[in-house]
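Participant: Before I ask anything, let me first share the structure, which is written out below as C-alpha coordinates.
The values are calculated or read from the model by the stated rules, or taken from the named source; none is laboratory data. The structure presented is a predicted model; accordingly, all values stated were derived computationally and were not measured. Every residue, glycine among them, receives a Cβ derived from its backbone with ideal geometry; neighbour counts consider all protein chains shown. Accessible surface is based on the protein model in full, side chains and every heavy atom, while ligands, DNA and RNA are left aside. Shrake-Rupley method; radii C 1.70, N 1.55, O 1.52, S 1.80 Å.
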Amino acid sequence: MDESVAVDAKRILLRYGAPIAILDKVPDAKRIEFARLIARTTLADREKELKKLLAEQGFMEG
(Lines give C-alpha, C1' and ligand atoms only; values in the text may rest on other atoms or scores of the structure.)
Protein backbone atom coordinates (compact mmCIF):
# COMPACT_ATOMS: atom_id res chain seq x y z
CA MET A 1 0.00 0.00 0.00
CA ASP A 2 1.30 3.43 -0.92
CA GLU A 3 2.02 5.44 2.22
CA SER A 4 0.90 8.70 0.61
CA VAL A 5 -2.58 7.22 0.04
CA ALA A 6 -2.82 6.35 3.73
CA VAL A 7 -1.66 9.85 4.72
CA ASP A 8 -4.18 11.48 2.38
CA ALA A 9 -6.95 9.27 3.75
CA LYS A 10 -6.09 10.30 7.29
CA ARG A 11 -6.18 13.99 6.31
CA ILE A 12 -9.59 13.57 4.70
CA LEU A 13 -10.99 11.85 7.77
CA LEU A 14 -9.56 14.47 10.10
CA ARG A 15 -11.04 17.22 7.93
CA TYR A 16 -14.50 15.73 8.35
CA GLY A 17 -14.41 15.38 12.10
CA ALA A 18 -12.72 12.11 12.99
CA PRO A 19 -11.06 12.55 16.39
CA ILE A 20 -7.31 11.97 16.09
CA ALA A 21 -7.26 9.67 19.13
CA ILE A 22 -9.87 7.46 17.47
CA LEU A 23 -8.25 7.64 14.05
CA ASP A 24 -4.93 6.44 15.45
CA LYS A 25 -6.69 3.15 16.34
CA VAL A 26 -8.05 2.64 12.80
CA PRO A 27 -5.82 0.53 10.51
CA ASP A 28 -4.60 2.19 7.30
CA ALA A 29 -6.72 -0.07 5.08
CA LYS A 30 -9.89 0.95 6.96
CA ARG A 31 -8.92 4.63 6.82
CA ILE A 32 -8.60 4.38 3.05
CA GLU A 33 -11.92 2.56 2.80
CA PHE A 34 -13.65 5.19 4.96
CA ALA A 35 -12.09 8.07 3.01
CA ARG A 36 -13.32 6.58 -0.27
CA LEU A 37 -16.83 6.22 1.12
CA ILE A 38 -16.81 9.76 2.51
CA ALA A 39 -15.60 11.17 -0.81
CA ARG A 40 -18.74 9.74 -2.43
CA THR A 41 -20.99 11.30 0.20
CA THR A 42 -22.54 14.74 -0.26
CA LEU A 43 -20.52 17.48 1.38
CA ALA A 44 -23.23 18.36 3.88
CA ASP A 45 -23.46 14.76 5.13
CA ARG A 46 -19.79 13.83 5.34
CA GLU A 47 -19.19 14.54 9.05
CA LYS A 48 -22.35 12.72 10.11
CA GLU A 49 -21.64 9.77 7.82
CA LEU A 50 -18.04 9.47 9.00
CA LYS A 51 -19.03 9.36 12.65
CA LYS A 52 -21.68 6.77 11.80
CA LEU A 53 -19.10 4.60 9.99
CA LEU A 54 -16.65 4.84 12.89
CA ALA A 55 -19.36 3.89 15.37
CA GLU A 56 -20.67 1.00 13.24
CA GLN A 57 -17.16 -0.43 12.98
CA GLY A 58 -16.67 -0.19 16.76
CA PHE A 59 -14.06 2.55 16.77
CA MET A 60 -16.17 5.06 18.70
CA GLU A 61 -19.41 5.36 20.61
CA GLY A 62 -22.51 6.93 19.14
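Participant: Stretch E3-K52 to full length: gain in nm at 0.36 nm per residue minus the Cα-Cα span?
Facilitator: Working: separation 49, 0.36 × 49 = 17.64 nm, distance 2.56 nm.
Stretched fully, the E3-K52 segment lengthens by 15.1 nm.
Participant: With a 1.4 Å probe and all protein chains left in place, how much accessible area per residue does the chain have, in Å²?
Facilitator: Counting only protein heavy atoms, the per-residue value for the chain is 66 Å².
Participant: What does the convex hull of the alpha-carbon atoms of the chain project to on average, in nm²?
Facilitator: Taking the Cα atoms of the chain, their convex hull projects to 3.8 nm² on average.
Participant: Please report the carbon-and-sulfur percent of the accessible area for the chain; probe 1.4 Å, protein heavy atoms only, DNA, RNA and ligands left out.
Facilitator: On the chain, the fraction of accessible area on carbon and sulfur atoms equals 51 percent.
Participant: From the residues A35, Y16, M60, which one has its Cα farthest along the dipole of the chain in the positive direction, the dipole being from +1 and -1 charges on Cβ of Lys/Arg and Asp/Glu about the Cα centre?
Facilitator: Y16
Participant: Treating only the Cβ atoms of Lys and Arg (+1) and Asp and Glu (-1) as charged, compute the dipole magnitude of the chain about its Cα centre; round to the nearest 20 debye.
Facilitator: Dipole of the chain, to the nearest 20 debye: 160 debye.
Participant: Only loop residues by DSSP count here, and only those with at most 16 other Cβ atoms within 10 Å; note down the GluC sites (Glu not before Pro) in segment 14-62 that meet that.
Facilitator: E61
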